[in-house]
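Worksheet: the structure to be examined is printed underneath.
The values are calculated or read from the model by the stated rules, or taken from the named source; none is laboratory data. This structure is a prediction, so every number in the text was calculated from the model and none was measured. A quick note on method: Cβ atoms are made from the backbone with ideal geometry, for glycine too, and the neighbour counts reach across all protein chains shown. For accessibility, only protein heavy atoms count, side chains too; no ligands or nucleic acids. Shrake-Rupley method; radii C 1.70, N 1.55, O 1.52, S 1.80 Å.
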Amino acid sequence: MANFKDKVIYQIYVKSFSDSNGDGLGDLRGIIGKLDYLQSLGVDYLWLTPFFRSPMNDNGYDVADYLAVDPVFGSMGDVETLIAEAGRRGLALMFDMVFNHTSTGHEWFQKALAGDPNYLDYYIFRDGAPDVPPTNWQSKFGGSAWEYVPHLKKWYLHLFDKTQADLNWDNPAVREALKNVIRFWKAKGVQGFRFDVANLISKPALFEDDDTGDGRRFYTDGPHVHEYLKELVVDTGIGDMVTVGEMSSTSLDNCIRYTTEKELSMVFSFHHLKVDYKNGDKWELQPVDFGAFKRLFHDWQLGMQQAGGWNALFLCNHDQPRAVSRFGDDKRYWKQSAKMLAACTHLMRGTPYIFQGEELGVTNAGYTDISQYRDVESQNYYRIMLENGKPKEEALETLRQRSRDNGRTPMQWDGSPNAGFTDGTPWIQPPENYRAINVAAALQDPDSILHFYKSLIRLRKENPLISDGKIEFLYPDETRLLAYRRFLGAESLFVFNNLSGKEICLDGVRTDSCEKVLGNYPEVSNREGKLLLRPYETLACRLDAVR
Ligand code: TEU
């Protein structure tokens, strides 16, 4: 297996990264133009969200042709140039494989609709009357997970939008067709893959109603998922590449298996990003439960370590609100909290991911009107919230905090109109604070979040302790303090993260023995010789001991 422990992966949301031709949408040539910036960060892999041919109902996660580049993003020639130019700068490419479903615009689905039995078996069709779906399962984007096709007198399953039809992985022809997609991109020089909702691909043999939930317990980490992933990896020869699976509502036990049984290098799990969901419902607001946040890191870090598994470390992606607005304080302690959240995740055991703009401390979008949102999930749930009687202001506040569009705003390159993302009209607006928060400004400021990220990345490269060391957690009962020790051989690094805007004094830590390695305040502070953590302080240091 490739060494992925000392690597840092940078996620590019292609549609919002850089627009080279003024049509308001990011594109591949835009990325090529920013490779020097990415190289200067020190990252190793670039994960690109899907840029394949698509009707774009879910921004490219509805793929109509896995082997073609959507013209809005560029051409196959651009992909080849990108791979070559990136390679010249020591950057490898990781492409996003959306294999749980295809767009209903895909040729396979169109043939199924035309009644071709071979292609009907590529998807999950069930006979039935027009008013009774086969099960009561709910789509993750709201509404029934089944759509009726009158002329076929059949329903098809879609766990996401109704234009994203779930593939039937039990059909060997489907698995073979998907392997060919991997082989195609591998031959182009792609060196890593991300698998979208990789743990939802294996559906149960029998479809039944879910009396207690939305159906996910029947297909999450489904019956043949481990077998199918292993087969895909072995048959395409990507076992020595960096691979990551997105695991929706998964379990620790399954993630141990995904990463220890030659399936994937690492996994994304999301439990730590649901700690502000009231009763597990994304559309019901509640303040962050930092106790749960801490506990989840504790359990996953130690659980994976004990079994030899491996985590992807992240707080942001294109489906999540911005971490600094969510877990930090994007007003009073914007800079401190963005740096603290970065250090807190990057110094744990696993491979860190940076989502475009995170390295600048980009905040949530701050939209005030429904017309500013673009995401299909946000549109659907806005309607559902209003239908359920939520007042408009409350529904808008919920979107302000929860919408995926918070993570999809244009990359903030400079303070010029549209943040330097496009010369045209951007498909989605940047947050208003882009005039202060942008790459150009961050490069000028020696104390910027951007420079802090560079230091963090460098630290990982220089210290096997960070990439390979073990972890143990300290201060289990201090809810707003996430503290841990990394260790390898005789060496130790202590990391203290204050998850609050209040001071915390640590009785057990004497500062006279403390040697700072990295932090977000100029000097280590103490009260009567004991370590004093200021608001949102992060401190990585060498110490004799913690009592
Ligand atoms: O996301 C999968 C997923 O289950 C969640 O991100 C989900 O969309 C969200 O939490 C619901 O609140 C992946 C992709 O990352 C996402 O962009 C796609 O829309 C989705 O799969 C379908 O392909």
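The figures follow:
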| item | result |
| --- | --- |
| HN-Hα J in Hz across region 10-19 - Karplus 6.51, -1.76, 1.60, θ = phi - 60°, x for Gly and Pro | 10, 9, 10, 8, 3, 4, 10, 8, 7, 9 |
| Region 214-287 - charge dipole about Cα centre, Lys and Arg +1 at Cβ, Asp and Glu -1, debye rounded to 20 | 220 debye |
| Whole-number accessible area per residue in Å² for the chain, which is evaluated in the context of all protein chains at 1.4 Å | 37 Å² |
| Helix-only mean residue ellipticity at 222 nm for the chain, each DSSP H run of n ≥ 4 adding -39500 (n - 2.57), per residue, nearest 500 | -8500 deg cm²/dmol |
| Projected label distance in nm at GLU176 and ASP289, using a 7 Å step from Cα toward the beta-carbon | 4.8 nm |
| Stretchable slack from LYS188 to LYS282, in nm (0.36 nm times residue separation minus alpha-carbon distance) | 30.0 nm |
| Fraction of accessible area attributable to carbon and sulfur, region 108-244 (%, probe 1.4 Å) | 52 percent |
| Under 15 Å, Cβ to Cβ, from LYS470 - net charge with Lys/Arg +1 and Asp/Glu -1 | +1 |
| Two-decimal Rg to Rh for the chain - Kirkwood Rh, Cα set | 0.96 |
| Burial order of peptide ranges 387-395, 40-48 (average beta-carbon count within 10 Å, highest first) | 40-48, 387-395 |
| Equivalent ellipsoid, region 341-401 (semi-axes from 5 times Cα gyration tensor eigenvalues, Å) | 32, 13, 11 |
| Burial order of peptide ranges 110-120, 139-149 (average beta-carbon count within 10 Å, highest first) | 139-149, 110-120 |
| Leading residue at positive end of dipole, region 387-470 (Cβ point charges), from LEU450, GLN401, ALA419 | LEU450 |
| Cut-off 13 Å between beta-carbons: net charge of the residues surrounding VAL324, Lys and Arg +1, Asp and Glu -1 | +2 |
| Spacing of the two label points (7 Å from each Cα toward its C-beta) at GLU503 and LYS331, in nm | 2.4 nm |
| P(r) histogram, all alpha-carbon pairs of region 300-428 included - 5 Å bins from 0, percent | 2, 10, 16, 17, 17, 14, 11, 7, 3, 1, 0 |
| Formal net charge of residues neighbouring GLN379 (Cβ-Cβ distance under 12 Å; K, R +1; D, E -1) | -2 |
| Charge dipole magnitude, Cβ of K and R +1, D and E -1 - the chain, Cα centre, debye nearest 20 | 1220 debye |
| Theoretical gain in end-to-end length, ASP319 to LEU206 [0.36 nm per residue, Cα-Cα removed] | 37.6 nm |
| Pairwise Lys count, region 264-342 - Cα closer than 21 Å, eight or more residues apart or different chains | 6 |
| Value of relative contact order over region 365-486, rounded to a whole percent, pairs C-alpha under 8 Å and six or more apart | 17 percent |
| Taking region 392-431 and dividing mean pair separation by its residue count, relative contact order in percent (alpha carbons under 8 Å, at least six apart) | 31 percent |
| Region 83-219: relative contact order in percent, alpha carbon pairs under 8 Å with at least 6 residues between | 31 percent |
| Helical segments meeting 30 Å axial Cα length and Kyte-Doolittle 1.6 threshold in the chain (DSSP H) | none |
| All lysines inside 27 Å of LYS188 as judged from Cα atoms, apart from same-chain residues fewer than 8 positions distant | LYS5, LYS7, LYS15, LYS34, LYS179, LYS230, LYS262 |
| Percent accessible area from carbon and sulfur atoms, region 342-493, protein chains only, probe 1.4 Å | 48 percent |
| Linear extension gain, GLU261 paired with MET76, 0.36 nm per residue minus alpha-carbon span | 63.2 nm |
